[in-house]
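Presented below is the structure to which this report refers.
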Amino acid sequence: SRAEMQQLFSKMDADGTGKATTAVLEAGYAKSSSTDCAMAPPWISTTIAGLCARLSEELPRLGGADGRPSLARESDFRRVVMQSERYLTADQLNSLLLLADKSADGHI
């Protein structure tokens, strides 16, 4: 997901230049545990319970994306989450979006 890649890259780009050499990326990848990026933030466990059902109901009604009903537009995903989970911070909403977007093409 985009979130996993951003997390990995931010650890590799220690200088904050927006660049990392291939050697640095390969070394970091070799040292990392497969579970580091696979664990969701703790706040998600309290959010996910009812949200998945709501997303499953609402997103297909909104028509999908690119003629594929199994995908949703990022804006539709964001709207359904905001209506369902009003207490989420902007950062938490962005985290959910990044975790859900596995292709980085703007469709969930």
For this session: Quickly rank 16-25, 90-99 as a protection proxy: mean count of other C-beta atoms within 10 Å, highest first.
Result: 90-99, 16-25
Problem set entry | Whole-Hz couplings from phi, Karplus 6.51/-1.76/1.60, listed for the stretch 80-91; x for Gly and Pro | 5, 5, 5, 6, 7, 10, 5, 8, 5, 7, 4, 5
For this session: Quick one: what are the phi-derived ³J(HN,Hα) couplings along the stretch 17-26, Karplus 6.51/-1.76/1.60 with θ = phi - 60°, whole Hz, x for glycine and proline?
Result: 8, x, 9, 8, 6, 4, 4, 5, 4, 5
Seminar exercise, completed: For L71, the residues 5 or more places away or on another chain with a placed amide H closer than 5 Å to its own amide H are A65
Exercise. Sequence-distant or interchain residues sharing an amide H contact under 5 Å with D101, placed H: which?
Worked result: R2
Exercise. Expressed in nm to one decimal, what extension gain is obtained for the pair F9 and S75 from 0.36 nm per residue of sequence separation less their Cα-Cα distance?
Worked result: 21.2 nm
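Values in this text are rule-based calculations from the coordinates and carry no lab data. This structure is a prediction, so every number in the text was calculated from the model and none was measured. For neighbour counting, all protein chains shown are included, and Cβ atoms are generated from backbone atoms with ideal geometry for every residue, glycine included.
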